[in-house]
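Down below is the structure, laid out as structure tokens.
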């Protein structure tokens with residue numbers, strides 16, 4: 001089992017190195033263009049990528065709602081304390 005785990009870790013590390021090298025060798029990282037401004041970034045996020053931004057917002061909201069649901073504590077002792085309060 002440890003061998004499979006080690007092999008999986010090496011495979012993931014190798015994949016990350018390959019992806020990083022491919023991304024860094026892309027011509028968009030050249031010195032020819034000017035860097036985008038904050039306004040250009042905002043226009044692209046809310047203009048060109050508006051649907052992706054909305055989908056990402058919905059997914060993040062679902063994740064927060066799911067996390068708050070999982071954190072709830074519904075043990076009987078806590079439910080009784082919520083209803084009656086601390087009357088000691």
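Some values worked out for this structure:
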quantity	calculated
Every residue from region 52-81 that is surrounded by 10 or more Cβ atoms within 10 Å (Cβ to Cβ) and modelled with pLDDT under 80	78, 79, 80, 81
Looking only at region 16-51, and only at residues there that are part of a helix (DSSP H, G or I) and touching a helix residue (DSSP H, G or I) at 6+ places or on another chain (Cβ under 9 Å), the one that is modelled with the lowest pLDDT	29
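The values are calculated or read from the model by the stated rules, or taken from the named source; none is laboratory data. Here the structure is a predicted model, which is why all the values come from computation and not from measurement. In this analysis, Cβ positions are derived from the backbone assuming ideal geometry, glycine residues included, and neighbour counts consider all displayed protein chains.
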